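K.L.:
This is the structure, below, for whatever I ask next.
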Amino acid sequence: MFNGVVLADSDKTKVVEGNHYFPPESINRAYFAESPTRTLCYWKGMASYYTIDVDGVRVPDSAWYYPKPSPLAKKIKNHVAFGGVVEIAPAGRLRA
């Protein structure tokens, strides 16, 4: 959640290095814009970023994913992880 909005909802996240990576189909794309930022992780590969925008509150590069991960990180291909501004709730907490 960010700014009162659910950005992603899944009970099938993959946890890597303490980060929950959400399946791409669980992301509410209305709040995501591609960023030109790229970073390199020595074992996961090149990360691409999203800027989150909820009701005009923009947080650049606050979500990332690996479109072409290394073989060691293939299980998180295109899965999205979030930076500290996004609250990660326990599975099922947001469901009625």
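The values are calculated or read from the model by the stated rules, or taken from the named source; none is laboratory data. What you see is a predicted model; the values in this text were computed from it and never measured. Cβ atoms come from the backbone with ideal geometry, glycine included; neighbour counts cover every protein chain shown. What goes into the accessible areas is simple: the full protein's heavy atoms, side chains included, and nothing from ligands, DNA or RNA. Shrake-Rupley method; radii C 1.70, N 1.55, O 1.52, S 1.80 Å.
K.L.:
Considering only the range 1-23, how many residues are open to solvent by 60 Å² or more (accessible area, probe 1.4 Å) and not hydrophobic (A, V, I, L, M, F, W, C)? Break it down into steps so the answer makes sense when it comes.
P.N.:
To start, the set of residues in the range 1-23 that are open to solvent by 60 Å² or more (accessible area, probe 1.4 Å) comprises 3-4, 9, 11-12, 14-15, 17-18, 20.
This time we only want the ones that are not hydrophobic (A, V, I, L, M, F, W, C), so: 3-4, 9, 11-12, 14, 17-18, 20.
Within the range 1-23, residues that are open to solvent by 60 Å² or more (accessible area, probe 1.4 Å) and not hydrophobic (A, V, I, L, M, F, W, C) number 9.
K.L.:
Okay, moving on. Identify the residue in the range 42-63 that is open to solvent by less than 50 Å² (accessible area, probe 1.4 Å) and in contact (Cβ under 8 Å) with a residue 24 or more places away in the chain and, among all such residues, is farthest from N19 (Cα to Cα).
P.N.:
V54
K.L.:
Return the residue satisfying two criteria in turn: it lies in the range 1-15 and is part of a strand (DSSP E or B) and in contact with a helix residue (DSSP H, G or I) (Cβ under 6 Å, 6 or more places away or on another chain), and of such residues it is nearest to K74 (Cα to Cα). Spell out the reasoning first.
P.N.:
Here is the first cut: in the range 1-15, the residues part of a strand (DSSP E or B) are 2, 5, 8, 14-15.
Still in the running and in contact with a helix residue (DSSP H, G or I) (Cβ under 6 Å, 6 or more places away or on another chain): 8, 14.
Working: A8: 21, K14: 11 Å.
Among those residues, the one meeting the criterion is K14.
K.L.:
Within the range 45-66, which residues are more than 11 Å from the chain's Cα centre (by Cα) and closer than 14 Å to I27 by Cβ?
P.N.:
Matches in the range 45-66: D53, V54.
K.L.:
Could you identify the single residue in S35, S26 that is under 19 Å from A89 (Cβ atoms), free of Cβ contacts under 8 Å to residues at least 60 places away in the same chain, open to solvent by less than 60 Å² (accessible area, probe 1.4 Å) and of a type in the set (S, T, N, Q)?
P.N.:
Values: S35 fails: under 19 Å from A89 (Cβ atoms).
Result of the check over S35, S26: S26.
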